[in-house]
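Encoded as structure tokens, the structure appears first; notes follow it.
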Amino acid sequence: MKVLAFSHSMDLALELVSAGRELGDVSLLVTSDQEGRINEVKGAKEVLLCKGLDSGDQEGLVELISGLASDYEVVLLASDRRGRELVGQVAHRLGASSAVDVSSLSVEDGKLVVERMTFGGKAIAVEEMSLPAVISVQKGKFKPPEEGEPSVREVSAPSIERRVEVIERKEKPKVGVPLDKAEIVVAVGRGFRKKEDLKLAYELADVLGGVVGATRPVAADLKWMEEEVWIGISGVRIAPKLLIVVGASGQQQFAAGIMDSKVVVAVNTDSKAPIFEQADYGVVMDLYEFLPVLTKKLKEIKGG
Amino acid sequence: MDIAVLVKQSLDVQELRVDQDTGKIYIEDAPTKAGDIELNATEEAVRLKEKLGGKAIAIMLSTGGASGKRQKEAREALTRVLAMGLDGAVLIMGEGAEKGDTYVIAKALAEEIRDKFGLVLAAEGSEDNFSGLLPARLAAELGWPYVAYATAIEVEGDHVKVTRSLEDFEEVVRVKFPAVISVTQEINKPRVPKLVEIVKAKKKPLDQKDFSPPVEPKLTIRELKVPKVERKQIVIEGDVEEAAEKLIQALKEEGVL
Ligand SMILES: Cc1cc2nc3c(=O)[nH]c(=O)nc-3n(C[C@H](O)[C@H](O)[C@H](O)COP(=O)(O)OP(=O)(O)OC[C@H]3O[C@@H](n4cnc5c(N)ncnc54)[C@H](O)[C@@H]3O)c2cc1C
């Protein structure tokens with residue numbers, strides 16, 4: 001099978017090359033702003049370099065990828081927001097099948113079979129896709145290949161009338177330790193009454209050598225975290241060895257993001273909160289009373 | 001200019017029961033509802049229709065099958081969004097719709113939308129499947145521009161200014177009508193309709209149409225599996241001091257401290 005891959009993020013693009021190799025030869029599309037990292041690409045058959053297009057141009061990308069795709073059976077994109085924005089548009093232009101956020105792909109009897117989470121994480125759907133297919137691949141599932149120099153071929157940028165014009169772009173502050181790679185995570189929810197109180201969670205994370213994550217409302221709505229790092233089906237999926245969930249109800253969309261954690265602790269005043277069904281150890285207490293004591297005791301042990 | 005709001009009849013995933021031992025998923029027993037983020041899309045439509053001077057209509061293509069229960073729930077979900085201030089609703093329903101993938105549904109919805117609306121609002125993802133594929137496919141079918149993940153929408157003459165939130169930056173874009181835009185939960189706080197508004201909503205036009213698939217699907221679901229997650233669910237008892245000590249002891253035994 002011939003696979004065309006592209007991601008706005010070069011790190012995710014390298015994961016896509018690896019995913020694509022499960023199916024066949026991979027051509028990776030690289031845009032002008034990514035040209036500087038071309039030598040990091042290993043394991044692809046070729047790099048298609050488009051010097052006339054920036055990855056910020058979504059309309060241009062839909063046009064370019066749809067045009068190139070006629071030579072391929074499968075198009076792989078990343079499951080970040082801009083990647084997912086492209087999937088449906090490209091698939092429909094091609095009259096292709098589509099799936100997002102897939103965790104595995106294989107070919108069985110000439111059929112492309114993928115797996116993905118559905119029903120807010122309560123089920124895994126195994127889907128049979130007709131070819132051509134356009135797919136976004138779940139982040140962190142595939143390790144970038146380490147060997148194999150691709151050839152480089154230049155492709156020209158499409159000329160179309162743009163109907164969407166970017167008038168402003170503001171960078172967000174960068175995340176310190178990526179949540180999805182952290183060993184220990186303290187996840188905070190709306191049980192915290194004000195932003196300053198998150199200090200309790202940061203102190204706990206500090207003594208454990210972990211990082212702090214949040215539920216979607218705390219990060220995206222209240223904007224209490226400097227970075228947009230929420231855990232869940234629409235955010236990051238984490239797999240730490242220890243997760244301590246504090247003041248979060250454990251709604252399904254959040255729970256979907258913590259399933260791969262090894263040990264889960266929940267602290268919540270409401271003994272009926274769904275988070276207790278997702279936890280190995282539950283503490284039914286006020287976080288304002290419990291966290292300071294827990295942190296103090298941990299300090300005593302860690303301090304010697 | 002009229003606005004179409006896409007409302008999906010989603011399974012209420014919070015209420016959906018699955019059996020980890022047998023792998024059974026009780027889909028038929030679970031209730032359905034309009035997705036939470038579709039309430040945000042509805043709220044935004046109600047706010048924008050004053051500026052655009054037209055109507056705002058909910059469009060639902062139900063894939064829940066045509067049973068009496070699902071039909072009743074679909075109409076209730078539409079009554080809910082009508083009570084928030086939409087002017088009317090279209091419900092498309094019928095046998096075979098449950099096999100429709102996003103390719104089929106987008107084609108069918110486009111027939112309902114083309115030539116009638118200047119703006120389509122949708123959720124960034126549906127409550128139960130959260131793929132976000134449908135608005136993107138619909139835009140491609142209609143040949144309209146698509147902007148996803150809106151956290152603010154402002155009308156400026158013959159175009160809209162959309163602020164959208166992406167992982168590493170925030171972007172402001174200008175889009176010409178007609179367009180398809182998907183919104184996030186952060187765009188607004190959906191109003192909670194009063195009882196009188198719900199009563200009134202029942203009298204608003206709700207146009208029910210029969211669904212017949214315009215094309216064959218490109219994707220079929222072979223199997224639904226239940227992921228195995230085993231949690232100990234041990235409740236730690238005692239006062240604050242005792243609980244902290246017991247928890248630390250347990251975590252030491254787990255080897256995670
Ligand atoms: C399509 C869709 C996608 C979504 N995606 C995500 C996602 O990716 N991630 C996500 O997180 N959410 C997501 N959501 C939202 C999700 O449904 C929940 O609304 C959200 O997770 C709830 O956040 P929370 O637990 O912080 O707040 P709440 O549900 O309000 O819970 C607060 C909890 O704190 C407890 N509490 C209060 N005071 C104290 C105290 N003093 N001490 C201890 N406990 C206390 C309460 O008992 C309660 O259980 C999504 C929703 C939809 C519809």
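GNM on chain A, C-alpha springs below 10 Å: top fluctuator among A:GLY110, A:GLY121, A:GLY43? Among A:GLY110, A:GLY121, A:GLY43, the largest GNM mean-square fluctuation belongs to A:GLY110. Surface listing: B:SER67, A:SER156, A:SER7 arranged by accessible area from highest to lowest gives A:SER156, B:SER67, A:SER7, probe 1.4 Å.
If you roll a 1.4 angstrom probe over the protein chains with everything in place, what fraction of the accessible area of chain A belongs to carbon and sulfur, to the nearest %?
On the way: 5640 of 12170 Å².
Of the solvent-accessible surface of chain A, carbon and sulfur hold 46 percent.
Counted over chain A, the DSSP beta bridges are approximately 20% antiparallel. For A:ALA256, the residues 5 or more places off, or on other chains, whose built amide H falls under 5 Å of its own are A:ILE233. Counting only protein heavy atoms and a probe of 1.4 Å, the accessible surface of the stretch B:3-226 is 49% carbon and sulfur.
With an 8 Å cut-off on Cα pairs and a minimum separation of 6 or more residues, tell me the relative contact order of the stretch A:167-304 in percent. Relative contact order of the stretch A:167-304: 23 percent. Contact residues in the stretch A:71-112 (at least 50 Å² less accessible area with all protein chains than alone, 1.4 Å probe): A:ARG81, A:ARG82, A:ARG84, A:GLU85, A:GLN89, A:HIS92, A:SER98. Think of a 1.4 Å ball rolled over the protein heavy atoms: chain B then has 44 Å² of accessible area per residue. Using θ = phi - 60° in the Karplus curve 6.51 cos²θ - 1.76 cosθ + 1.60, the 3J(HN,Hα) couplings for the stretch A:238-252 round to 10, 9, x, 7, 10, 10, 10, 9, 10, x, 10, 6, x, 4, 3 Hz; x is entered for Gly and Pro. In a reduced charge model with +1 at each Lys and Arg Cβ and -1 at each Asp and Glu Cβ, the stretch A:67-170 shows a dipole moment near 580 debye about its Cα centre. Between B:LYS228 and B:GLN20, the simple spin-label model (points 7 angstrom out along Cα→Cβ) gives 1.0 nm. Computed from protein heavy atoms with a 1.4 Å probe, the total accessible area buried between B and A is close to 7600 Å². For the stretch B:201-257, run through the trypsin sites (Lys or Arg not before Pro) and keep only the ones in DSSP coil with at most 16 other Cβ atoms within 10 Å of their Cβ. Filter output for the stretch B:201-257: B:LYS202, B:LYS203, B:LYS228, B:LYS232.
Counted over the protein assembly as shown, the DSSP beta bridges are approximately 35% antiparallel.
Near A:ALA123, the amide H atoms lying under 5 Å from its own belong to A:THR118; only residues 5 or more places off or on other chains count, and H is placed 1.01 Å from N. Result for chain B in a Gaussian network model with C-alpha springs under 10 Å: among B:VAL196, B:VAL180, B:VAL46, the largest mean-square fluctuation is at B:VAL196. Here the sum of -39500 (n - 2.57) over DSSP H runs of 4 or more residues, divided by the residues of chain A, equals -6500 deg cm²/dmol at 222 nm, to the nearest 500. A Förster radius of 25 Å, combined with the Cβ-Cβ distance separating B:LYS194 from B:ALA152, puts the computed FRET efficiency at roughly 0.40. Could you let me know the centre-to-centre spacing of the stretch A:12-66 and the stretch B:189-204, using Cα atoms, in angstrom? Rounded to whole Å, the Cα centres lie 49 Å apart.
Note that the stretch B:30-41 has calculated 3J(HN,Hα) couplings of 6, x, 10, 7, 6, x, 4, 6, 5, 5, 5, 5 Hz, one per residue in order, obtained from phi through the Karplus relation 6.51 cos²θ - 1.76 cosθ + 1.60 (θ = phi - 60°); glycine and proline are x. Our coupling estimate for the stretch A:53-64, obtained by passing each phi through the Karplus curve with A = 6.51, B = -1.76, C = 1.60 and θ = phi - 60°, is 9, 9, 5, x, 9, 5, 5, x, 5, 4, 5, 5 Hz, Gly and Pro reported as x. When chain A is treated as a Gaussian network with alpha carbon springs shorter than 10 Å, the biggest mean-square fluctuation among A:ARG163, A:ARG93, A:ARG190 belongs to A:ARG163. Annotation: amide H-H contacts under 5 Å for A:GLY148 (H modelled 1.01 Å from N, sequence separation of 5 or more, or interchain): A:GLY43.
I need to check one value: relative contact order of the stretch A:175-216, counting alpha carbon pairs closer than 8 Å and at least 6 residues apart, in percent. If you can, show how the numbers build up before the last one.
Values: 43 pairs, mean separation 22.1, N = 42.
Over the stretch A:175-216, the number comes to 53 percent.
The values are calculated or read from the model by the stated rules, or taken from the named source; none is laboratory data. Here the structure is a predicted model, which means the values were calculated and not measured. All Cβ positions, even for glycine, are placed from backbone atoms using ideal geometry, and neighbour counts span all protein chains on display. Heavy atoms of the whole protein, side chains included, go into the accessibility calculation; ligands, DNA and RNA do not. Shrake-Rupley method; radii C 1.70, N 1.55, O 1.52, S 1.80 Å.
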